[in-house]
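Below: one structure, written as structure tokens.
Computed from the coordinates by the stated procedures, all read-outs in this text should not be read as laboratory data. Owing to the predicted nature of the structure, the values given are computational and were not obtained by experimental measurement. Positions of Cβ are generated from backbone atoms using ideal geometry, with glycine treated the same way; all protein chains shown enter the neighbour counts.
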Amino acid sequence: MFSRRAFLKALSFLGLVIAYPYPLRRVWGQAVKVGTVALPLDKLQSPWDSVPFTFGSGNIPGLAVRLPDSRLTVVSRLCPHQKCFTDLIKDPAQVFRETTFEPAGPVLVCPCHGSVFDLQEDGKVLFGPAARAPDRFQFQIGGDKVAITGLRESH
């Protein structure tokens, strides 16, 4: 039988293997380029339209969002705090129910620990334990497509 200590060590190692392959693929401050993802631009016409996607062989979850000023932002859906998946929530009252913080408009929210990010301000942290904005994807718009070409870690 396993001792409690051996069991906890194995569990910790397994958690690292499962939870952290994404950060291990990156080099601090360097862009990751592992292919291109093409998104249809016609799905991003109105303010707060969004298209989820996965990028690269590590299946990094991302979200492309049309902002009210017509800019497009493309961010990682992994919260920089502990890599939980974030969600775009358009209703400030729902954000308040989930986090006790009421934003002025739609935001990216981490349901695990309540971090709230302002996509209109480059992912600025508005609330919660996250120390920085979510990572951002590099992209190019060409014709009727948005080409996601790489990932740059936020600082």
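Summary of values
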item	result
For segment 30-152, fraction of C-alpha pairs farther apart than 18 Å, in %	49 percent
Nitroxide proxy distance, nm - points 7 Å out along Cα→Cβ at Lys124 and Phe85	2.9 nm
Neighbour-count order for Cys110, Cys79, fewest beta carbons within 10 angstrom listed first	Cys79, Cys110
Extension gain, Arg152 back to Asn59 (0.36 nm per residue minus Cα-Cα distance, nm)	32.0 nm
For Arg152, Arg77, Arg5, order by how many other beta-carbon atoms lie within 10 Å, fewest first	Arg5, Arg152, Arg77
Relative contact order for segment 30-152, counting Cα pairs under 8 Å that sit 6 or more residues apart, in percent	26 percent
Relative exposure of Glu153, Glu102, Glu121, judged by other C-beta atoms within 10 Å (fewest first)	Glu121, Glu102, Glu153
